[in-house]
Amino acid sequence: MKLFSHNLFLFILTFGLLACTEDDTADGPVIPTAELVAQNIQLADRGNLDNPADIEIRFEAPTQSGDVDRFSLFFAQVDDTASVTEQIVSGLTAEQQTLVDNTESEYTVRLGPDQTDALGKDFDASQSYVIYVASVGTFEETPFVAITQANAAFQLSEGLLVETLIPDFTASDGLYVATDGTIIASDFGVFDDDLQIGLGTKVFSVTPEGVVSEKATGFVAPMGGGMDSQGNFYFTHENGGDGVDGKVVRVTPDGSTAEIATLPAWPSGVAVDDNDNLYIANFAGPLLHKIAPDGTVSVVAQDNRLFGCVGIDIDETGHIITANFYDGSIYQVTPDSGDISLIAQIPDLVEFFAIGYITLFEGDIYATGIGDNKIFKITMDGQISTLAGTGANGSNDGLIDDATFSNPNGIAADATRRRLYISQFGERALRFIQF
């Protein structure tokens, strides 16, 4: 599957290619190849006008002897199908088409409010659309353009979508998204009531396409995660059990690992600021720790309100935002003074199983309601709303009002792809919400 953002360069390249093809074939016939047949167009309720979402298209490449260099995709309202082919062949503006740059059979494209359809009309969620595929290539050294209409129509949706990137995904704890889009996931594992510790041992790396690899292994119930400006990744482990202390681990870009600090009680979530200072929340102690780049450990704040905090992030002003797993409170902490203020407390959550982790995205806080099977949005002035999830325990994809989660726990934002990734402590899976 490929993800294509509709930038001007791609559009200009596509338009230039089609224009040249028409010039080259002016003295000869347009040689058709075998039709492109849409095998399975995953389109219903997937497009999104205000918050662009992916549209997945599968089709067969021509099977005759023509060599297809690339495809272009065009969208038209069903009512306009009679005239659209002529318009496509005669030439379109950059905003009216998108380039598919090879002949794989599966693609994901994105529609947005700055685009128009093949006839120059704005996309409209009340209309039904058809996709046209133009195959561009050569047949016996003669350039050609062959136009085919897909065999299913679709409509755009105005709602956000929940999708599953990886079903049966092992890691159930903290998530972090690197600048290249790699998702790093800690596997706390199944909780052992006798040992009072999770049984997970690994930290995983996941590409945006869902390819999984091991980043670190041989640890005890890894939790949280954050990365500094040098690409070093940090998480906590050996938490719980004896209830005395836990370790902070550093993983360098080359994969080397080292324990860099031992902290009292149950160090949990990790956040890293712009100066590479680490801030560590604490699940079983009223503490918020700081680890400076030189390894110096200090206490930023010690307050009973911080007892039970796991989720932690840093806002654009440098304030620490942390959330309490037990009671659903979300606090702002000033690093220099240790002053604590309440941003919001999400009401009516399952006590002692309230908020898993949090992440900041485009100025708002997003929190996993681990016991309530919901994802919450909290503004910095304390306004609370349910972003996604019916509250039922499950892993059903779909529109955010209909989708279900199973003890959602880790959450992290990919600002570039405008996604929220979510891990699940119940039915294991790596999910995402596409903005």
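Yes or no: Ala388 in the same structural domain as Pro286 (by TED's automatic domain parsing) and closer than 18 Å to Asp315 by Cα? Full working, then the answer.
Values: in the same structural domain as Pro286 (by TED's automatic domain parsing): yes; closer than 18 Å to Asp315 by Cα: no.
Here the answer is no, as Ala388 does not meet what is asked.
Return yes when Ser395 is farther than 24 Å from Arg305 by Cβ and touching a residue at least 60 places away in the same chain (Cβ under 8 Å) and no when it is not. Yes.
Scanning segment 247-273 for residues being under 24 Å from Asn324 (Cα atoms) and not aliphatic (A, V, I, L, M) gives a total of 8. Looking only at residues in segment 332-357 that are under 28 Å from Ala292 (Cβ atoms) and acidic (Asp, Glu), the one that is surrounded by the fewest Cβ atoms within 10 Å (Cβ to Cβ) is Asp336.
For residues that are part of a strand (DSSP E or B) and in contact with a Gly (Cβ under 7 Å, 6 or more places away or on another chain), scanning just segment 364-374, find the one that is farthest from Gly224 (Cα to Cα).
Start the filter on segment 364-374 by keeping residues that are part of a strand (DSSP E or B), which leaves 364-369, 374.
Narrowing the set further to residues that are in contact with a Gly (Cβ under 7 Å, 6 or more places away or on another chain) leaves 367-368, 374.
Numbers: Ala367: 14, Thr368: 14, Lys374: 20 Å.
Among those residues, the one meeting the criterion is Lys374.
Looking only at segment 368-383, residues that are aliphatic (A, V, I, L, M) and more than 19 Å from Ala403 (Cβ to Cβ) come to 2 in all.
Which residues, counting only those in segment 383-435, are basic (Lys, Arg) and assigned to a loop (DSSP other than H, G, I, E, B)?
In the first step, residues of segment 383-435 are kept if they are basic (Lys, Arg); the result is 417-419, 428, 431.
If the condition is that a residue be basic (Lys, Arg) and assigned to a loop (DSSP other than H, G, I, E, B), then Arg417, Arg418, Arg428 are the ones that fit.
Only one residue in Gly226, Gly200, Gly246 is touching an Asp or Glu at 6+ places or on another chain (Cβ under 6 Å) and in a strand (DSSP E or B), so which one is that? Don't jump to the end; show me each part of the working.
Values: Gly226 fails: touching an Asp or Glu at 6+ places or on another chain (Cβ under 6 Å); Gly200 fails: in a strand (DSSP E or B).
After ruling out the rest, the residue left standing is Gly246.
Output yes when any residue across segment 119-135 is buried (at least 16 other Cβ atoms within 10 Å of the Cβ), among the small types (Gly, Ala, Ser) and at pLDDT below 70, and no when none is. Yes: one or more hits. The set of residues in segment 143-179 that are modelled with pLDDT under 95 and among the acidic types (Asp, Glu) comprises Glu158, Glu163.
If you go through segment 358-377 and pick out every residue that is closer than 14 Å to Asp315 by Cα, more than 15 Å from the chain's Cα centre (by Cα) and crowded, with 23+ Cβ neighbours inside 10 Å, you end up with 1.
The values are calculated or read from the model by the stated rules, or taken from the named source; none is laboratory data. Computed from a prediction, not measured in an experiment: that's the story for all the values here. Please note: Cβ atoms are built from the backbone with ideal geometry, for glycine as well, and neighbour counts cover all protein chains shown.
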